[in-house]
1. T29 versus (1) of a type in the set (S, T, N, Q); (2) at pLDDT 95 or above; (3) more than 18 Å from L3 (Cβ to Cβ); (4) within 11 Å of the chain's Cα centre (by Cα): which is the lone unmet condition?
2. Within the range 18-30, which residues are open to solvent by 40 Å² or more (accessible area, probe 1.4 Å) and out of contact with any Leu (no Cβ under 6 Å at 6 or more places or on another chain)?
3. Quick check on the range 49-56. Is at least one of its residues touching a Lys or Arg at 6+ places or on another chain (Cβ under 8 Å), modelled with pLDDT under 95 and on the phi > 0 side of the Ramachandran plot?
4. So which residues in the range 54-63 are part of a helix (DSSP H, G or I) and open to solvent by 60 Å² or more (accessible area, probe 1.4 Å)?
5. Filter the range 64-105 for residues that are open to solvent by 30 Å² or more (accessible area, probe 1.4 Å) and among the acidic types (D, E) and give the result.
6. So is V33 among the β-branched types (V, I, T), touching a residue at least 40 places away in the same chain (Cβ under 8 Å) and open to solvent by 20 Å² or more (accessible area, probe 1.4 Å) or not?
7. Could you check the range 35-53 and list, in sequence order, the residues that are among the basic types (K, R) and either more than 27 Å from A104 (Cα to Cα) or in a loop (DSSP other than H, G, I, E, B) (or both)?
8. Read through the list (1) under 27 Å from T11 (Cα atoms); (2) without any contact (Cβ under 8 Å) to a residue 24 or more places away in the chain, then give the number of the only condition that S81 fails.
Amino acid sequence: ERLRYWKSGGTSAWILEDIGKEGYVPTTTGFIVRNGTIQAARVLIYRESRGEQVADPAFTRQFVGARLSGSQLDRQIDGISGATLSVQMMTRLARAALTLDSVAN
C-alpha cells in the first residue's frame, strides 16, 4: 500500500488508514507533524456504526503536542466507553505518523 504524505521543512502531513476491529472497514485519518510533535489530528472518514466519538475534537485534541517516547506516545490518551478499539486505532495511527515523520526525507 502507498503512503500519502507531504513534507516541507520541519512539517509533514500524513493521511493514514487503519481498522479498529478485524472485519471492520478502514478509518481514514490525517495528522500534521512539526519537528516531531503532532500539531493536529483529524478523523477524515469514519465508516463504522460504533466508536465515532474518536472524531470529536474533544478527543482528537488529546494528540496535539504528543511526541514519541521510545515507541509509545509521551502521554496517556483517555479512553471512550464503547470505543476502546477505535481509541487504540487512533493511538496506533498517531505513533505511526510520528515514526514516519522521523524517517521521511
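The values are calculated or read from the model by the stated rules, or taken from the named source; none is laboratory data. Every value quoted in this text rests on a predicted model; they were computed, and no experiment measured them. Cβ: placed from backbone, ideal geometry, glycine included. Neighbour counts: every protein chain shown. Just so you know, the surface numbers come from the protein's heavy atoms only, side chains and all, with ligands and any DNA or RNA stripped out. Shrake-Rupley method; radii C 1.70, N 1.55, O 1.52, S 1.80 Å.
1. The failed condition is (3).
2. I19, E22, G23, Y24, V25, P26
3. Within the range 49-56 (the criterion being touching a Lys or Arg at 6+ places or on another chain (Cβ under 8 Å), modelled with pLDDT under 95 and on the phi > 0 side of the Ramachandran plot), the answer is no, since none of the residues qualifies.
4. Going residue by residue through the range 54-63, those that are part of a helix (DSSP H, G or I) are 54-55, 57-63.
Of everything in the range 54-63, those that are part of a helix (DSSP H, G or I) and open to solvent by 60 Å² or more (accessible area, probe 1.4 Å) turn out to be P57, A58, R61.
5. D74, D78
6. Values: among the β-branched types (V, I, T): yes; touching a residue at least 40 places away in the same chain (Cβ under 8 Å): yes; open to solvent by 20 Å² or more (accessible area, probe 1.4 Å): no.
Judged against the criteria, V33 is not a match.
7. First, the residues of the range 35-53 that are among the basic types (K, R): 42, 47, 50.
If the condition is that a residue be among the basic types (K, R) and either more than 27 Å from A104 (Cα to Cα) or in a loop (DSSP other than H, G, I, E, B) (or both), then R47, R50 are the ones that fit.
8. All conditions are met except number (1).
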